[in-house]
Each structure stands twice: as structure tokens, then as C-alpha cells.
Amino acid sequence: MATNSVKLLGWFPSFCCLPVSQREAAIKATLEPVFDSLLLLEDAFKNCSKGKKFFGGDKIGYMDIALGCFLSWMRVTEKMNNVTLLDEAKIPGLYK
């Protein structure tokens, strides 16, 4: 579990450095921890939500609010860097 926590917390510095990464190889390397963390969040969402809309099921909770705060920044980063972070095929639960 500790390894997953480190991975989950490690995505944010990489996410912030993305605009600085200009070369395609640098962008790909920068995004790797972000994608790993999004996959962990997707797995957590599946386990916690049990098919419902929110991490806590039917009611919105702290995790939903915390993740929701980053969504607009993620969309802006996608447009600025011509990348797709929230891919429906890879993370369908979080995408919705």
C-alpha cells in the first residue's frame, strides 16, 4: 500500500512540470507517473464506488471534491500540450 501512496502523490510534481517539457520524449517521460496515478485512481474508484457516480457511492465525498478541483487544470494542460490525460478507454470511471 505504501508504494501505491507514493505513486499517487508523485503525479502532481510531474503534472506541474509538463508545460516545461517541450520535446515529445520529455513529455512522454513526464506523463508516465501521471498516467500511473490515474490508473490507481481508476482502480480505487471502481473499488469504492461499486458502480455508482461517486467514490463514496451515491453521495459526493472528499475524494470527489479533491479530484474535481484538478479537472479544469487537467483539461487546460491537455489543450496546451496536445495530450490526452483523461482517456475514456483507459479510465472510464474517472472520465465520466
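Side notes on the structure shown:
- Residue ID - farthest from E32 (Cα to Cα), chosen from residues in segment 60-85 that are loosely packed, with under 14 Cβ neighbours inside 10 Å and aliphatic (A, V, I, L, M): I60
- Scanning segment 41-59 for residues that are without any contact (Cβ under 8 Å) to a residue 24 or more places away in the chain, under 18 Å from the mean Cα position of the chain (by Cα) and surrounded by 13 or more Cβ atoms within 10 Å (Cβ to Cβ) returns D43, A44, C48, F54, F55, G56.
- Candidates V76, V83, filtered to the one that is in a loop (DSSP other than H, G, I, E, B), aliphatic (A, V, I, L, M) and within 30 Å of E24 (Cβ to Cβ): V83
The numbers here are math on the coordinates, done by the rules we state, and not lab data. Computed from a prediction, not measured in an experiment: that's the story for all the values here. Backbone-built Cβ (ideal geometry, glycine too); neighbour counts: all protein chains shown.
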